[in-house]
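Down below is the structure, laid out as structure tokens.
The values are calculated or read from the model by the stated rules, or taken from the named source; none is laboratory data. This structure is a prediction, so every number in the text was calculated from the model and none was measured. Positions of Cβ are generated from backbone atoms using ideal geometry, with glycine treated the same way; all protein chains shown enter the neighbour counts. Heavy atoms of the whole protein, side chains included, go into the accessibility calculation; ligands, DNA and RNA do not. Shrake-Rupley method; radii C 1.70, N 1.55, O 1.52, S 1.80 Å.
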Amino acid sequence: MSRSAQDVLELDKLRELLRQRTTCAPGHRHIDALAPTTDRAALDAHFALIRESREWLRSGRELGFGGLADPQTWLDRLEGVGTVLEPREFLDAATLLDTAAWLKPQFKEDAAKFPLLAARAASLADFRDLLAAIRRAILPNAEISDDASPALRRIRASVSETRTAIQKTLRQILRARNAEASEDYVTLRNDRFVIPVRAEQRRSVPGVMHGASATGQTVFLEPLETVESNNQLVQLAEEEAAEIVRILRSLTERLQSMRAQLAAAAETIAEFDSAFARARFAQDFDATTPEFSDSNELRLDAARHPVLENKLRRENRPIVPMSLNLGGEERLLVISGPNTGGKTVALKTTGIAALSAQSAIPVAAQRAVLPIFDRVLVDIGDEQSIAADLSTFSAHMLNLKSMLEEATPQTLVLVDEVGTGTAPEEGAALAVALLDEFRAKKCIVLATTHHDRLKTYASTTPGVVNAAVEFDDVHLRPTYRLMVGVPGGSSGIAIAQRLGLPHDLIERARSLLAPEALQAADLIAYLHRSRDELDRTQQQMNAERQALEEERKKLRTEWVERQQLRIGQLEAQFAEMQKRFDENVAAVVEAVKDRELRAQLEKSSRRKLQDARGEARDELNAAVVQTLSDSQSDLGVSAAATNAPSAASLQPGAKIRVRGFSKPVVLRRIDGNTAEIEAGPLRMKVAVDQITGVEGPPPGTTSASPSRLNVTVTSKPSENPASDEINVIGSTVEEATGRVDKFLDEAALANRARVRIIHGHGTGALRKGLARFLSSHPLVASTASENEERGGKAITIVELRA
């Protein structure tokens, strides 16, 4: 009977790699239970948890359960009726309760970043009371604590008192007898306190004998004075044992009442340990989360067989990744090439990738896109995986027959050395017929071969693709690289030469090759050389493209830095001029002695200052745009490269191109030769002749082709004089101060003592600008933020002067 696909593809050895990365017995068992499934939702849930576990590990943190004793034994015992756990088992149970208590809040602070881990940890029951009861009753050395119950404490106190009294009485008897040093001690026999007496003096001490020494010269007597006390001590010991049993039974019953929650906690910890073990495996083997395709796409980029990779690592040898892509109409891949070249490894790598993905194990590849296979069928007959009595032609045929019967369009079929074990012509013909049957069933098939006829079949049959494992003809050794799209040569004579067969024999073998075989070998060699040349060209183009991209980024960075420097200089000059102007105006106003006249001058000058600042800002914006436009020559862009748009196309709301801006901006309005534009949160004015193009019509306009309707609703702020508040949300600082200034004048005329300014949160720039303006306003007595329940810092309360 053939071994299963999991055995042949070494899934259990892969699980062993995962088991090595677990930290507790439940996690170990969880890994053992991983098996292929077709439940897409369950797989997605597993991989989502693994993804968060990888992120946790990447942050430099770890998660392990090394202190957890295996809970399986005592959990199973709790199911028995009348069971009483042993103290040592309670200590084991305490490790589970401890671990659950530690794990429960572990992800609380990072719940937003690790929602799945946090939810699972939070689902753990609260065992604190139960843990406290066990810790109170059971000491770390598995003895029962005096604090386990008041009755036990009382009994043990009585035991201690009785024992002390007995020992005191016995010592008094020893002193009265003037016992020799060798007999001056108290000891225990049959759980009763006794004293040693020479055999010939036994009658001098009335009492009960409880034994003699090995020589018979000494007997151990319980004097009559202590018989009753010893009896009481025995009775107390029995009461102590009974109380201990009662305590253990009570604790056992508490555990039994919470067995479901305890089992769930053990399962949750097992799931955590398993997920983190798979995350560690993914880190160690640079594995990826597979993508499950809804079609029949099978794509592996730089895939490796992790068991083989682990073996080669121990030998300090590198592994050669393989890549392939099947799907659509191309479902059958015929792999050819020399022996020991890696053909069987290619099959096993593909198979283990499929089994890993459907067992919720990250795939050792840069990228893995796989269908959900209903089964993986294999016929791989190398010496390492099939016993000698199953490696015959008949065994292969029986295996292939059963595979044909089971195969469906959702099946992955892996066949090694198809058609071998019989005459080459018959084997090749049978192999073609078998592959055609699998092709008719629309399976995804990977088959290896040495037959030239199968290479021809793959080259001429729709849906079938050739692939080769590369062989280095110069050094006469395999490279183990899989090349899809070209057939491979067997290179048997070259390998024989490398292994040291005589030169004359090698030349004789070459002369015996049929002419068509030589022609086929030459053609395959030509294809391989062409493929190598194409690969080299592609690598060169990629390198050049990367260099050009880096140079472009460098030039762009330098250009941006230059423009930022120029704009910064303009801003600094503007700020300095504005400061000097403000100081001059303030000095003139301060020189006026008349209070009323000075207030009028302050108000008038403030308005004129606002107008001047607005005009200066417009000039600064124009200068900035001109600077950006002039600097286009730095990047070799001609200002006349574009045609000016027509006046009809310049509609408010349209996306336009402005010279000096890398991205389109929104046109707000046209005012003569000036256009007001909006770039993100910024508004500015530019000359109309700086507009170089129109990207799209304004929202709400119709066109010949249907488009999504965009509706913009603008709420106009209320400035009703009868109102005691003003809404300036969406205004610039300059616009807001102008409107607020007018609003305050009207509020003062209306004899209002208190008004509200609604400016919102936003970036905070509007609030800060208004605060600066209000701090120097002659009508403002004080300002404060609104109460939190009524808007908080989004609203400023202004108290006006009387």
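Data for the structure
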read-out: Cβ-Cβ under 8 Å pairs, at least 6 apart or on other chains, segment 100-125 side in a loop (DSSP other than H, G, I, E, B), far side of a type in the set (Asp, Glu) and open to solvent by 70 Å² or more (accessible area, probe 1.4 Å); value: 104/126; 113/55; 114/55
read-out: Unique residue being surrounded by fewer than 12 Cβ atoms within 10 Å (Cβ to Cβ), within 27 Å of residue 417 (Cβ to Cβ) and at pLDDT below 75 when the list is 499, 523, 513; value: 499
read-out: In segment 217-267, residue farthest from residue 151 (Cα to Cα) [restricted to those that are open to solvent by less than 20 Å² (accessible area, probe 1.4 Å) and among the β-branched types (Val, Ile, Thr)]; value: 219
read-out: Of all residues in segment 96-125 being charged (D, E, K, R) and surrounded by fewer than 19 Cβ atoms within 10 Å (Cβ to Cβ), the one that is farthest from residue 73 (Cα to Cα); value: 113
read-out: Segment 150-187, residues that are open to solvent by less than 70 Å² (accessible area, probe 1.4 Å) and either among the hydrophobic types (A, V, I, L, M, F, W, C) or at positive phi (or both); value: 151, 152, 155, 157, 159, 165, 166, 170, 173, 174, 179, 186
read-out: Segment 436-452 residues that are touching a residue at least 12 places away in the same chain (Cβ under 8 Å), paired with ones that are part of a loop (DSSP other than H, G, I, E, B) and of a type in the set (Phe, Trp, Tyr) (beta carbon under 9 Å, 6 or more apart); value: 444/373
read-out: Residue that is modelled with the highest pLDDT [pool: residues in segment 648-682 that are surrounded by fewer than 16 Cβ atoms within 10 Å (Cβ to Cβ) and under 42 Å from the mean Cα position of the chain (by Cα)]; value: 678
read-out: Residue in segment 420-436 that is closer than 21 Å to residue 9 by Cβ, open to solvent by 10 Å² or more (accessible area, probe 1.4 Å) and at pLDDT below 90 present; value: yes
read-out: From the options 796, 783, 763, 737, residue that is open to solvent by 50 Å² or more (accessible area, probe 1.4 Å) and either closer than 26 Å to residue 582 by Cα or charged (D, E, K, R) (or both); value: 783
read-out: Count of segment 126-145 residues which are surrounded by fewer than 16 Cβ atoms within 10 Å (Cβ to Cβ) and within 28 Å of residue 49 (Cβ to Cβ); value: 2
read-out: Filter pass, residue 44 being part of a helix (DSSP H, G or I) and over 15 Å from residue 281 (Cβ atoms); value: yes
read-out: Test result for residue 165, part of a helix (DSSP H, G or I), within 26 Å of residue 136 (Cα to Cα) and either out of contact with any Leu (no Cβ under 7 Å at 6 or more places or on another chain) or free of Cβ contacts under 8 Å to residues at least 40 places away in the same chain (or both); value: no
read-out: Looking only at segment 188-216, and only at residues there that are over 28 Å from residue 156 (Cβ atoms) and charged (D, E, K, R), the one that is least open to solvent (accessible area, probe 1.4 Å); value: 198
